[in-house]
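To keep things clear, I will list the structure first and then write my remarks on it.
Throughout, read-outs are computed from the coordinates displayed, never taken from laboratory work. Please read these numbers as outputs of a predicted model, since none were measured by experiment. Note that we place each Cβ from the backbone using ideal geometry, even for glycine, and neighbour counts take in every protein chain shown.
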Amino acid sequence: MDYPDDDYENNNPFAEPTNNINQPTDQPVLQPSIIEHQQREEINNQDDSDQLLNQIDLKKLLPERFTNKYSLTVKLVEIEKNKPGNPILKLDFEVKNLPRYRQNKYKDVRRTYNEVVKFNKYLTISNLECFVPVIPSSTTSYPANGEDEKKQLKNLFQEWFNRITSNPILIRDEEFVYFIENDFGYSVINSNKKQSVASGLMRKTLKQFAIPYDPYQELASFRPIIKDSYLNCQKLHKLYDKSSKIEKQLSIHTYDMSNKLNVLADFETTHPGMKNMWEKLSKIVSLQSDLLLIDSINENAILGDSFQNLSNDFYEVKEALTNRYLIMRELVQAESQTKSKQIQANKIKNKSSLDPIKVDEALRSLEYVQKVQESLTLQIQRISGEMLFERKEVIDFTEDKFKKLIKNYVLHKVEHHRKILKHFESIRLDVRSVDSKGGLSRLNRDNLTNLKHNVIQSQSSKGDSWTSRTFRSLEKEEKAKEEEKKEHKINALQSTSVDAKNAASLLGVATF
Amino acid sequence: MDSDDLGTSVWDDALPKDDESKSHSNLNTFQSSSIGPLTSQFSNYSINDDPFRNPLDYNKSEEYDDEEEQEEEQAPVSGTYDALREQEIELRKEHKQQLINNLTHSEDSRDQFEKDISKVSSDTLFQDSNKNSPIKIDLNSQSVTSPTRNSININKFKPPRLRKYNSKTNVKHLNNSNTDILGPLGGEIKNEDEVEDEEDVKLKLNHAESIVQEANGPLYQIKNVSTPVHSPKKLKVEEEDSDPNSNKLEISVGEPMKVGDITNAHIVYKIKTRNKNKESNFFPDIDEVEVTRRYKDFRWLYKKLQTNNPARIIPPPPSKQTYIGRFNESFIENRKIALERMLIKISKKKHLQNDADFVRFLTQEEINTNMENEIINEKTASGFLSIFQSKEEPTGIFKEKKIYITQLEQSLKELLRAIDQTIVQKNLISSNLNEIVTVLSEISFNEKLITGFITTQEQIIDVFNREILQSQNLIMVLNENIQILEFLKDLIDSKNGIDEDYSKIIKEEIDEFDLERIAEFRNAVELWLENTIESQKEAIEIYETFIERNDL
């Protein structure tokens, strides 16, 4: 969304120079893809050109997209404990230039999760032109009410609020005012606003019909992609859930194995070296079992839950695209109706005797049908225009999300394996010293009396001994975090307003 | 394996079975030379030994070739001097033996071995060239008188000498190898003199060959390296008194093949045996022999050996498996490895390696392994047990041993079950991860990143599967030991009413087993540990590279 003018390099030799002229100076440039799309469509499909949107139309249809004047920011301050599955979100709002709000800032607005879900549903129904993101589930795979769960939920909810408030159409929904300003609790005020498109069985039947012709290539190809992603994410969610369950089982059995090793150590009365080996092995295996449990939780919390949320999101995107098709079909119907009315009117016109009542009625119905057609055309144009914007947003968000997820997952895996490696390496000597021969580690060595060869931890501070690679993901992460902290501190020092938290951190830092 | 062939051929030339004098004279050089070259360190010892030996070699060679005790009888006048020197030599021998043990069982590199071979062979060549020298005539004339004396001496003096080492087990080993065990099978007893010579020569070969075998063999075989030797003392005795007619075999089981139609489909394995000691009386004089056997035949062999060698621990075949999944690739592979372990272990056991049925099993394509015809008890306990049906509660030492064995068996079984369970789960995780990869490949966002991620996951699956495979070794060792413990339990149960000889053997076998068990478990655990460490490293490497490459 934030491409400056110069960033977009217009290489199209057929491009019309007027494209960017009408850009308001204070506004972000149109998505390149839309301009591209426009140009391509205009040049290649002369037939479609009247159906497609140009820049000026877009500005008329979607004034929200072409201004920076209005903004709404939400900060999730805290998640408070409540009934299970229904935590209370403590929110701060900051409103800029939006009408109907009584204040600019709202502090400590408390909304339960279920209230937010209702609000979310309302937004989805009443904003047909938007891909309204779905609020992530309030339960995670982390242990309930734990520190990890809180952190994860806070991130997810904040991310959701950011997505909602970054949408210029959604923040103008009047329901948002009620959502923010209601004092005690919240329930949807505009509840009489029902879904304007077909639902239930009707919808299912309509979905079976062939899709109407879609002049927008991007949107036409977008739905199958989203549908596949929805199904795949659902599958992945299930698979990771299963994987996590198996790993939990593995952890249990590994713990069992550790117990059995301990029992074995008790029976090992004849050989102290063996006893020691079994004992140490038992300890390490039990540690491994703990690590496996943690890993199973992490895996499911990072990937499993996220795929679930993504699939919910994709589902709504898919439904929004379906809605568009349903409206388009309405338009097609309206067009044919207009035609038939037109024909009827012409017939009457050609008749020798004119019945004024009939003429009046025919004209009125023609007018009505024409109006319906016009409004539907406009609606579809608005929806299509907005969806072109949001399509890009969804793709960007998803790609970013995937990147974050995979990174997070891989980092956890690295940590997991590094820990296991460390533990296992620590008992090498115990296994070797069972007897004086030193076991297999002496392979190919003639007179190696020193049992301690090659038992140095392979993950020293100098890097990993088995590779020349100097890069270490976890260290890099820590450095990045520290730098962030430092920046934060500098910011805190520079900030003029000193609140309680800043003061504490300032006092905590020695400044001499 | 060129070096092997080279070694054997040289020996065959140098040591024709019936040429007493030659083998005799060879011996002297080997005692000093073949030990020497193993490592430079030992050259000191061998050189120190030589001044004592060399001048005496020409006068009283036999006395030094055999045990030094002989001198006491032969020359009572010089008794004190001889006794002193005998002690000295004994000490030195012992020390030397220890060092050799350390050496041979620490698996010298192949280069080292080849060096040895070349040195040894050069010595033989030298010896050969001296065939016509006058020395040889001297030796011949002396050795003519030696046999009778030697045979008497050995019978008289060996036992007391053995007592020095205070090891009951080994005394029994000796007794058995000379009388009991070889009795029916061993046939004619060879000239003691020659026996001694051959044995020593073979010992050197044994070492060299075992090194090569270990160097070339697959990983799992490694445990065999240190199993036979626990304490150097014990080994020494065994080596010196080992059966001169022992086979030296190199056995490999391979090429599992599915044969038969639906009704009697089964897997057959090819057993290749290379004969390294053609002079053996118990093994046909062939270089290499190959037979095809199925699992059932291995069980037949196991039972046969049990009947033939009552109260001995026979390395057991892998346990029976369920009907379903018996053509599973990894199962067949594991079974193949276990069967090979069984044969190799049998071939290394003094009491079993010359068993006629074992040899028959290895060499004759057609054997009737039909259980009914052979009249073998279906009970897992050996046939000999059925003769003594008494199942009274054991007493004394056996009572303690039985408690110990039962407990050990129980805890090993439980451990095995736990490990089996973890492997079941690991297999599930692996297949689940495979499914995840399939679904991931259909995701149409971030294609480059996802493709990279899929690659890491595929690599992780590989690492995971390898980890599963590698833990099979530990499972195999556990299985074997559980089977042996079960067998021992049955042995002790039926021990009452059995004559003293058998209880001695049982005790000896239990003690031996306990020592072997420790080495085996230690090696299996170490292998498992190192494998786990390596797979962790691999996993870290895969993920770190992924992060670095994708600049996450």
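Karplus-derived 3J(HN,Hα) values for region A:184-189, using 6.51 cos²θ - 1.76 cosθ + 1.60 with θ = phi - 60°, are 10, x, 7, 9, 4, 7 Hz; glycine and proline are entered as x. Computed extension length for residue A:96-residue A:144: 13.6 nm, one decimal, from 0.36 nm per residue of separation with the Cα-Cα distance subtracted.
Going by a ≥ b ≥ c, the root eigenvalues of the Cα gyration tensor, does region A:70-194 fall in the rounded group (a/c under 1.5), the prolate group (a/b larger than b/c) or the oblate group? Judged from the Cα gyration tensor, region A:70-194 comes out prolate (a/c at least 1.5, a/b above b/c). For region A:84-97, backbone phi angles converted through the Karplus equation (6.51, -1.76, 1.60; θ = phi - 60°) give residue-by-residue couplings of x, x, 9, x, 9, 9, 9, 10, 10, 10, 9, 10, 10, 6 Hz, Gly and Pro being listed as x. Would any residue of region B:517-547 have its amide N under 19 Å from a label point 7 Å out along Cα→Cβ of residue A:270? List them or say none. It comes to B:517-525, nothing else. Taking 51 Å as R0, compute the FRET efficiency from the Cβ-Cβ separation of residue A:486 and residue A:210 and round it to 0.05. Once rounded, the FRET efficiency stands at 0.30.
Distance between the pseudo-spin-label points of residue A:339 and residue A:290 (7 Å out from Cα toward the beta carbon): 7.5 nm.
The value of relative contact order for region B:399-552, using C-alpha pairs under 8 Å at least six residues apart, is 34 percent.
Residues of region A:389-407 falling in the label zone of residue B:444, defined by backbone nitrogen less than 12 Å from a point 7 Å along Cα to beta-carbon, are absent. Simple spin-label estimate for residue A:225 and residue A:332 gives 2.4 nm between the two label positions (7 Å along the Cα-to-Cβ direction from each Cα). Rounded to the nearest whole Hz, the Karplus-based 3J(HN,Hα) values (6.51 cos²θ - 1.76 cosθ + 1.60, θ = phi - 60°) of region B:429-434 follow the sequence 4, 4, 6, 5, 5, 4, with x at glycine and proline. Taken residue by residue and averaged, Cβ atoms of other chains lying within 10 Å of the Cβ of B:524-534 number 6.
Full extension of the chain between residue A:359 and residue A:245 gives 33.7 nm of extra length, using 0.36 nm per residue less the Cα-Cα distance. Principal semi-axes of the equivalent ellipsoid, √(5λ) from the alpha carbon gyration tensor of region B:391-552, are 51, 15, 9 Å from largest down. Rounded to the nearest 0.05, the FRET efficiency derived from the C-beta distance between residue B:258 and residue A:466 at R0 = 51 Å is 0.80.
For residue A:464, no residue whose modelled amide H falls within less than 5 Å of its own remains once neighbours fewer than 5 places apart on the same chain are excluded.
Residue order for B:257, B:476, A:257, fewest other beta carbons within 10 angstrom first, comes to B:257, B:476, A:257. Charges were assigned to the Cβ only: +1 to each Lys and Arg, -1 to each Asp and Glu. The resulting dipole of region A:237-431 about its Cα centre is roughly 620 debye.
Partner shielding of A:264-271 amounts to 5, given as the average count of beta-carbon atoms from other chains within 10 Å of each residue beta-carbon. Using modelled amide H (1.01 Å from N, peptide plane; none on Pro or chain starts), what sits under 5 Å from the amide H of residue B:276, excluding residues fewer than 5 places away? Here B:248, B:249, B:250 satisfy the definition. Each peptide in A:146-159, A:384-397, A:476-489 gets a packing score, the mean of other Cβ atoms within 10 Å over its residues, and the list from highest to lowest is A:384-397, A:146-159, A:476-489.
Measuring between alpha carbons in the structure, the pairs from A:207/A:339; A:401/B:448; A:283/A:476; B:399/B:504; A:242/B:413 lying more than 20 angstrom apart are A:207/A:339; A:283/A:476; A:242/B:413. Per residue of A:272-282, other chain Cβ atoms within 10 Å of the residue Cβ number 2 on average. Would you mind checking which residues have amide H under 5 Å from residue A:98's amide H? H placed 1.01 Å from N; only 5 or more apart, or other chain. For residue A:98, whose amide H was placed from the backbone, the distant partners under 5 Å are A:71.
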